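This report concerns only the one structure given below.
The values are calculated or read from the model by the stated rules, or taken from the named source; none is laboratory data. These figures come from a predicted structure and were not determined experimentally. Please note: Cβ atoms are built from the backbone with ideal geometry, for glycine as well, and neighbour counts cover all protein chains shown.
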Amino acid sequence: MNIAQAAQRIQNTGKRRQALTICCTPAFSTFWLSYRLPEFIALHPEIDVNMVTTNNFLQMEPGVRPDIFINKASDPREGYHSVPLFYDLIYPVCSPRYLEENPDIVTLEGLQQAVLLNLSPFGRSQVAEHVDWGVWFAFHDMELDQSDDSQLRIFNANDFNMLAQMALNHQGSVWAGTSWLSICWRKAGWSGWGSQGGI
């Protein structure tokens, strides 16, 4: 605890306001929680909400003890218990403009000619919020063509916020869950596999 935090705690002594500290990944806070927190805050003005975002749930800073962890870890840490929150379907998606510029990506073969924005597990192995393009294509009985003469282009990053922004900027196809897709469809008319608009 630093001096400013200690001073704040002294000032708050005797006050009855409650605090709720939530810990989750930056992507989850941006694309899911931030759209739902305003209603909670409006319904519970007596509760101060503190957000802690991290991709490293095993190494929290000293003194940080969230009331709630939201992640995909199956084994809860000591002092916590696990409650399923929801299940999400994952789709490869792109912006309408990218689809218009690359109409062949409505097929599996055409998708292999697109820019695939891939969420890498580097530095995120304990988060387990990534889907591998190779596994997805294998599920559809197709291998990624990674030969030297292949037109396949994969951009890897371990930051979903960056990949999502690249997709919003019409730079490729990215994995996204239905929770985030509903926001994109509502705001920008996105399309994805499994939607009526194709990919």
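Going through (1) modelled with pLDDT of 85 or more; (2) farther than 16 Å from Gly110 by Cβ; (3) not small (Gly, Ala, Ser) one by one, Met142 falls short only on (2). Taking the conditions (1) of a type in the set (S, T, N, Q); (2) outside the structural domain of Asn169 (by TED's automatic domain parsing); (3) in contact with a helix residue (DSSP H, G or I) (Cβ under 7 Å, 6 or more places away or on another chain) in turn, Asn71 satisfies each one other than (3).
Within the range 83-111, the set of residues being modelled with pLDDT under 85 and over 22 Å from Leu168 (Cβ atoms) comprises Val83, Pro84, Leu85, Phe86, Tyr87. Please verify whether Val49 is outside the structural domain of Asn169 (by TED's automatic domain parsing) and at pLDDT 90 or above, treating the condition exactly as stated. Considered against the rule, which asks whether it is outside the structural domain of Asn169 (by TED's automatic domain parsing) and at pLDDT 90 or above, Val49 comes out as yes.
In the range 41-95, the residue that is surrounded by the fewest Cβ atoms within 10 Å (Cβ to Cβ) out of those that are outside any loop (DSSP other than H, G, I, E, B) and touching a Phe, Trp or Tyr at 6+ places or on another chain (Cβ under 7 Å) is Ile70.
Here the condition is being over 27 Å from Leu117 (Cβ atoms) and without any contact (Cβ under 8 Å) to a residue 40 or more places away in the chain; of Pro84, Pro103, Pro66, it holds for Pro84 alone. Restricting the search to the range 1-25, which residues are under 30 Å from Ala176 (Cα atoms) and at pLDDT 85 or above? Correct list: Leu20, Thr21, Ile22, Cys23, Cys24.
Taking the range 52-67 as the range and being at pLDDT below 90 and either among the hydrophobic types (A, V, I, L, M, F, W, C) or closer than 14 Å to Phe28 by Cα (or both) as the test, the residues that pass are Thr53, Thr54, Asn55, Asn56, Phe57, Leu58, Met60, Val64.
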